[in-house]
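Computed from the coordinates by the stated procedures, all read-outs in this text should not be read as laboratory data. All values derive from a computational prediction rather than experimental measurement. Cβ coordinates were reconstructed from backbone atoms using ideal geometry, including for glycine residues, and neighbour counts include every protein chain displayed.
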Amino acid sequence: MQTFDNASSGAIVLSMAERIVENRAYLSEIDGRIGDGDHGVNMAKGFGMAAERLKGKDASLAQSLDTLGTVLMTEIGGSMGPL
C-alpha cells in the first residue's frame with residue numbers, strides 16, 4: 001500500500017509554480033487562440049507570488065495549496081482567479 005505524507009509535501013506546489021513560470025509563453029500562446037493571450041502571464045504571476053510566500057517554509061501540501069488558492073482568488077486578475 002502506498003502512503004502520502006501531507007505534512008512534508010508542500011514542495012509539490014513549489015514544483016508546480018516552477019513549471020507554470022517556465023511555460024508562461026506557451027500558456028499565453030494557446031490562450032491567444034481563443035482569448036486575449038494573457039492567461040500564462042497571469043498564471044505565472046500568481047504561482048510565482050505563492051511560491052515566494054512558501055519558499056523556506058516547511059508547509060504541508062494542504063497549507064501550500066491554500067496559499068496558492070488564496071493568491072489566485074484575491075490577487076490575480078482575469079480568469080485565473082475564478083479558475
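Odds and ends about this structure:
- Residue pairs meeting the criteria (Cβ under 6 Å; at least 6 apart or on separate chains; first in a helix (DSSP H, G or I), in the stretch 4-20; second of a type in the set (Gly, Ala, Ser)): Asn6/Ser60; Asn6/Ala62; Ala7/Ser60; Val13/Ser64; Leu14/Ala51; Ala17/Ala51; Ile20/Ala44
- In the stretch 21-45, the residues that are among the acidic types (Asp, Glu) and in a helix (DSSP H, G or I): Glu22, Glu29, Asp31
- Number of residues in the stretch 61-76 that are buried (at least 17 other Cβ atoms within 10 Å of the Cβ) and hydroxyl-bearing (Ser, Thr, Tyr) equals 2.
- Selection within the stretch 19-51 - out of contact with any Leu (no Cβ under 9 Å at 6 or more places or on another chain) and either surrounded by fewer than 13 Cβ atoms within 10 Å (Cβ to Cβ) or among the aromatic types (Phe, Trp, Tyr) (or both): Arg19, Glu22, Ala25, Tyr26, Arg33, Ile34, Gly35, Asp36
- For the stretch 13-35, the count of residues that are in contact with a helix residue (DSSP H, G or I) (Cβ under 7 Å, 6 or more places away or on another chain), closer than 25 Å to Thr3 by Cα and polar (S, T, N, Q) is zero.
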